[in-house]
Amino acid sequence: MSQTIGTSRKILLLSFVAAGTTVIAGILHVMMAPGSISRNLGQGILFLVGGIAQIFWAVPVIKRWGRVWQVIGIVGTAVFVILYYSNRFHLLPEGGMEGGAPPGRPESGEFPRGNFTGGEGPRGNGPRGNVFGLSGNSLPIEICQIAFIGLYSVLSKLYSKSQPKKADMKPSDEDPKK
């Protein structure tokens, strides 16, 4: 009995910490949206919609909505992280949302390195001393997102271990209202 109480407290604490990490990342994304929209509409919309989704994601984390929601949360956050690193390491072509060469650039078929959303981002290796190429304001967002993925993965394992299997339940353990 005491092990169950300890496990449920651990799950509750981890749920609040995981929810906190995704809310912080979401708030930071929403705060970045206005500046991004003025430079690049696509990037601004990505930050706004993604940030709102991350803030909302605290609800399924704390309320334990189930396996499908866990997978969507982990995969969605991983996509955000992958997009960031793809952009940071210039793995995505630069260009407008309409396709083709960016405005003001020749139609050479070769895309210059830069920001994946078409903006003119810094080029080169960036300032020295940054961890994994992270710079400035994006560092807290990436840390929160990576922490969320790890915490939510651990929580999904704890949820599955703490839930009794239907085959293991006795008839007296079932819901008396049924």
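The values are calculated or read from the model by the stated rules, or taken from the named source; none is laboratory data. Just so we're clear, the structure is a prediction, and the values are computed from it rather than from any experiment. Because the Cβ atoms are built from the backbone with ideal geometry, glycine has one as well, and the counts that use them run over all protein chains shown.
One line per residue, one yes/no per condition, for (1) under 14 Å from the mean Cα position of the chain (by Cα); (2) touching a residue at least 12 places away in the same chain (Cβ under 8 Å); (3) on the phi < 0 side of the Ramachandran plot:
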| position | (1), (2), (3) |
| --- | --- |
| Arg64 | no, yes, no |
| Arg67 | no, yes, yes |
| Gln70 | yes, yes, yes |
| Val75 | yes, no, yes |
| Phe80 | yes, yes, yes |
| Tyr84 | yes, yes, yes |
TODO: Tally the residues that are of a type in the set (Gly, Ala, Ser), surrounded by fewer than 19 Cβ atoms within 10 Å (Cβ to Cβ) and more than 17 Å from Leu83 (Cβ to Cβ), restricting the search to the stretch 9-57.
DONE: 3
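Applying the selection to the stretch 9-19, what residues are without any contact (Cβ under 8 Å) to a residue 12 or more places away in the chain and either within 19 Å of Glu142 (Cα to Cα) or small (Gly, Ala, Ser) (or both)? Let's see the steps before the verdict.
In the first step, residues of the stretch 9-19 are kept if they are without any contact (Cβ under 8 Å) to a residue 12 or more places away in the chain; the result is 9, 12-13.
Listed by number, the list is empty, since nothing qualifies.
Return the residues of the stretch 140-178 that are at pLDDT 85 or above and charged (D, E, K, R); say none if nothing qualifies. It would help to see each step written out before you state the result.
Initially, the stretch 140-178 is screened for residues at pLDDT 85 or above, giving 141-158.
Passing the criteria: Glu142, Lys157.
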Open item on the list: For the list (1) closer than 17 Å to Ile149 by Cβ; (2) in contact (Cβ under 8 Å) with a residue 60 or more places away in the chain; (3) hydrophobic (A, V, I, L, M, F, W, C), I need the number of the one condition that Leu46 fails.
Closed with: (1)
